[in-house]
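Working notes, structure below.
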Amino acid sequence: MAGKVKLPMGIENFREMRTGGFYYVDKTGLMKTLLENPGKINLFTRPRRFGKTLNMSMLKYFFDIGSDIMLSDNTTIFDGLEISGEKELCEEYMGKFPVISITLKGATGENFEEAKVMLRRIIGKEAMRFRFLLESDRIDEAERSQYEALISTDKTGTFTMSDDLLKDSLLILSQFLQKHYGQAAVMLIDEYDVPLDKAYRAGYYDSMVELIRVLFGNAFKTNDSLKFAVLTGCLRISRESIFTGLNNFKVYTVKDVRYKEYFGFTDAEVRQMLEYYGLEGQYDAVKEWYDGYLFGNLGIYCPWDVINYCGDLRDGSVSEPQNYWVNTSSNDIIRKFISRATASTKSEIEQLMNGGSIKKKIRQELTYRDLDSQADNLWSVLFTTGYLTQCANDDNGMTSLIIPNKEIQWIFEEQIQEWFETESTKDTQKLENFCRAFEENDTAAIERGFTSYLRKTISIRDTSVKKGMKENFYHGILLGLFAGMEGWKVKSNAESGDGYSDISVEVEDRDIGIVIELKYAENAAFENACKEALEQIHDRNYEELLVDDGMKTIYRYGIACYKKRCQVVSG
């Protein structure tokens, strides 16, 4: 693969992407669509890691008067891309507007004062890009003083603009730029909803909503110095919450057909990338793990995952698909959702986990307070943040939802497992009695206890799921139950004898060794599955390691599971 360009893992600056020798999937058609469908305020909501920030950087470089878009051969960083074929649009718009570009990703804090410090810093640093305003003959002394206040810092480098000036900062900056250039400004605000998310979690939501409402209201409402604005985020925050009174306000969500192809990778784009790097053989795996989203009526892959997996395949660090998306967020929303699930909701989650779909009314416009007001709103959040996707057109206002791919399925499984472990350890006496039954060779008590726990969790039943994956699910549940048992030395898939036993336990103070083999009992054939499990333990001599470690009493358990039932035999 010598001579191939690099994969852009973590690259979010458009110029760096185009000049640094990185593979770029052309999304410049976004500009043409945006200019041909003008809106004063344009909001794009997409899940995280779908290319929003790179697209905002692309917009900045395209429109900004001061952007460094020229290359040494007198071409631009847009040459050869789709937008370069639009000669009239490029002539009219490329490099013709002052651009204010900020990301609110860092506008957070443990309290409101800390968050305001970060917001001042973000806006103040952007204002410092325009220090030429200090010398502009189109700015009068009073205005120059205001600009100086925008960029003023104390001895520690902390921006000192007042709260009132902070609220007017984007409006003032756009007015000064228009005066200097004689041209209205383009405003780009990436991750607009992050400050509200953090404020909601930290307990200062009302204060942050008021600040953002005034900041945006001043910048966007009746601002003659604004050409247009583009915002991105994960959630579509209620207009009544922060966009009150804005006209010509257009929102483009994952349900909209327009702009469907500009965030994320299409199937054709993924095939082309895999072919370029000689990874065509990985197409099925990439599709199974990272495809499955439906934006408008178009299938979309998560670009973050595709790029990272291709990069890891190229350097030989992995051979199988990995979960890359999980590390980009805490996934708290799934944990909260599961913890609040009713019996009916658990059944719906099981249906999703087994490859099925459910129908729900999706509210795309929410306030963060709505998240806790109704449990059903969490379905909407799971949809807008990418944990669920639509699989068909809406039917009488109801959206058919599915888990998009194997990666998100994995995240659900992990969160379900963590929730179950937390729940199961609340009744410590019940848990200890269950574990002690293994030491006493009480198969009836083990069977009753394990069945009780299985009824409380969310099972995997789908016939399309491989038998080994189903067994892994029950294996994980049992390991979680054993995790807190004092005096137990628990090993999972430990090499012993002629293979690897599912679970082995050494109860050192009693010299008891326990070997467990789990089987999934297809069609509830418990006896056959238990027999197969015990035969495997004996045939492969799984107890050998326990004997070598000095365990004098060995108990061998074959456990067969089917849905939320189990059977346990000892031998």
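The values are calculated or read from the model by the stated rules, or taken from the named source; none is laboratory data. A quick note: this is a predicted structure, and the numbers were derived from the prediction, not measured. Cβ atoms come from the backbone with ideal geometry, glycine included; neighbour counts cover every protein chain shown. Each accessible area value is taken on the protein alone, full model and side chains, heavy atoms only, with ligands, DNA and RNA left out. Shrake-Rupley method; radii C 1.70, N 1.55, O 1.52, S 1.80 Å.
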task: Please find, within segment 440-469, the residue that is modelled with the lowest pLDDT out of those that are within 19 Å of Leu534 (Cβ to Cβ) and of a type in the set (D, E, K, R).
output: Lys467
query: When only residues in segment 430-455 that are charged (D, E, K, R) and in a helix (DSSP H, G or I) count, which is nearest to Ile416 (Cα to Cα)?
result: Arg455
- prompt: Can you tell me how many residues in segment 283-303 are over 19 Å from Ile408 (Cβ atoms) and open to solvent by 50 Å² or more (accessible area, probe 1.4 Å)?
  reply: 1
- request: Can you confirm whether segment 204-223 contains a residue that is farther than 24 Å from Asp140 by Cβ, β-branched (Val, Ile, Thr) and not in a helix (DSSP H, G or I)?
  value: no
- line: Residue hits (segment 431-450; in contact (Cβ under 8 Å) with a residue 12 or more places away in the chain and farther than 10 Å from Val568 by Cα) are Leu431, Glu432, Asn433, Phe434, Cys435, Ala437, Phe438, Glu439, Asn441, Gly449
statement: Checked pairs for segment 360-377, first modelled with pLDDT of 75 or more, second of a type in the set (Asp, Glu), C-beta under 6 Å and 6 or more apart or across chains, list as Asn377/Asp370
- request: Could you please let me know if Met58 is in contact (Cβ under 8 Å) with a residue 24 or more places away in the chain and not in a loop (DSSP other than H, G, I, E, B)?
  value: yes
- prompt: What single numbered condition from (1) modelled with pLDDT of 95 or more; (2) open to solvent by 20 Å² or more (accessible area, probe 1.4 Å) fails to hold for Met56?
  reply: (2)
message: Out of everything in segment 28-46 that is assigned to a loop (DSSP other than H, G, I, E, B) and surrounded by fewer than 23 Cβ atoms within 10 Å (Cβ to Cβ), what residue ends up being modelled with the lowest pLDDT?
response: Pro38
message: Just to be sure before I move on: is Gly66 more than 20 Å from Phe216 (Cβ to Cβ) and open to solvent by 40 Å² or more (accessible area, probe 1.4 Å) in the structure I sent?
response: yes
message: Suppose we filter Val306, Val254 for residues that are in a helix (DSSP H, G or I) and either under 22 Å from Ile402 (Cβ atoms) or open to solvent by 40 Å² or more (accessible area, probe 1.4 Å) (or both); which single one remains?
response: Val306
field: Matching residues, segment 524-571, being aromatic (Phe, Trp, Tyr), open to solvent by 20 Å² or more (accessible area, probe 1.4 Å) and farther than 30 Å from Ser347 by Cα
entry: Tyr555
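Conditions tested, residue by residue: (1) touching a Phe, Trp or Tyr at 6+ places or on another chain (Cβ under 6 Å); (2) part of a strand (DSSP E or B).
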{"position": "Lys491", "(1), (2)": "no, yes"}
{"position": "Tyr500", "(1), (2)": "no, yes"}
{"position": "Ile514", "(1), (2)": "yes, yes"}
{"position": "Leu518", "(1), (2)": "yes, yes"}
{"position": "Ala529", "(1), (2)": "no, no"}
{"position": "Leu546", "(1), (2)": "no, no"}
{"position": "Met551", "(1), (2)": "no, no"}
{"position": "Cys561", "(1), (2)": "yes, yes"}
- request: Scan segment 506-519 residue by residue and report those that are surrounded by fewer than 22 Cβ atoms within 10 Å (Cβ to Cβ) and either touching a strand residue (DSSP E or B) at 6+ places or on another chain (Cβ under 8 Å) or more than 20 Å from Ala437 (Cα to Cα) (or both).
  value: Glu506, Val507, Glu508, Arg510, Asp511, Ile512
field: Considering residues of segment 175-198 that are over 33 Å from the mean Cα position of the chain (by Cα) and open to solvent by less than 30 Å² (accessible area, probe 1.4 Å) only, the residue nearest to Ser238 (Cα to Cα)
entry: Ala184
- request: Kindly check whether there is at least one residue in segment 259-277 that is assigned to a loop (DSSP other than H, G, I, E, B), out of contact with any Leu (no Cβ under 9 Å at 6 or more places or on another chain) and exposed (fewer than 13 other Cβ atoms within 10 Å of the Cβ).
  value: no
- prompt: Within segment 52-85, how many residues turn out to be β-branched (Val, Ile, Thr) and either over 24 Å from Leu177 (Cβ atoms) or under 28 Å from the mean Cα position of the chain (by Cα) (or both)?
  reply: 2
- prompt: Quick one: Gln322 ticks every box in (1) open to solvent by less than 40 Å² (accessible area, probe 1.4 Å); (2) in a loop (DSSP other than H, G, I, E, B) bar one, so which box is it?
  reply: (1)
query: Which residues, taken from segment 343-353, are closer than 30 Å to Tyr309 by Cβ and either at pLDDT below 85 or open to solvent by 50 Å² or more (accessible area, probe 1.4 Å) (or both)?
result: Gln351
- prompt: Counting just the residues of segment 199-242 that are charged (D, E, K, R) and crowded, with 19+ Cβ neighbours inside 10 Å, which one comes out nearest to Thr384 (Cα to Cα)?
  reply: Arg236
message: Of the conditions (1) assigned to a helix (DSSP H, G or I); (2) at positive phi; (3) charged (D, E, K, R), Arg15 satisfies every one except a single condition; which number is it?
response: (2)
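One line per residue, one yes/no per condition, for (1) touching a residue at least 40 places away in the same chain (Cβ under 8 Å); (2) under 23 Å from Arg131 (Cβ atoms); (3) hydrophobic (A, V, I, L, M, F, W, C):
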{"position": "Ser174", "(1), (2), (3)": "yes, yes, no"}
{"position": "Asp197", "(1), (2), (3)": "yes, no, no"}
{"position": "Tyr200", "(1), (2), (3)": "yes, no, no"}
{"position": "Ser225", "(1), (2), (3)": "yes, yes, no"}
{"position": "Asn247", "(1), (2), (3)": "yes, no, no"}
{"position": "Tyr252", "(1), (2), (3)": "yes, no, no"}
{"position": "Val257", "(1), (2), (3)": "yes, no, yes"}
{"position": "Glu261", "(1), (2), (3)": "yes, no, no"}
query: If you scan segment 136-151, which residues turn out to be within 19 Å of Ile100 (Cβ to Cβ) and exposed (fewer than 15 other Cβ atoms within 10 Å of the Cβ)?
result: Arg138, Glu148
- request: Among what's in segment 434-446 and is over 18 Å from Leu479 (Cβ atoms) and out of contact with any Ser or Thr (no Cβ under 8 Å at 6 or more places or on another chain), pick the residue that is least open to solvent (accessible area, probe 1.4 Å).
  value: Ala445
message: Residues that are touching a Ser or Thr at 6+ places or on another chain (Cβ under 8 Å), within 30 Å of Tyr387 (Cα to Cα) and of a type outside the set (A, V, I, L, M, F, W, C): does segment 31-39 have at least one?
response: no
Segment 325-342, residues that are among the β-branched types (Val, Ile, Thr), assigned to a helix (DSSP H, G or I) and open to solvent by 20 Å² or more (accessible area, probe 1.4 Å): Val326, Thr328, Ile333
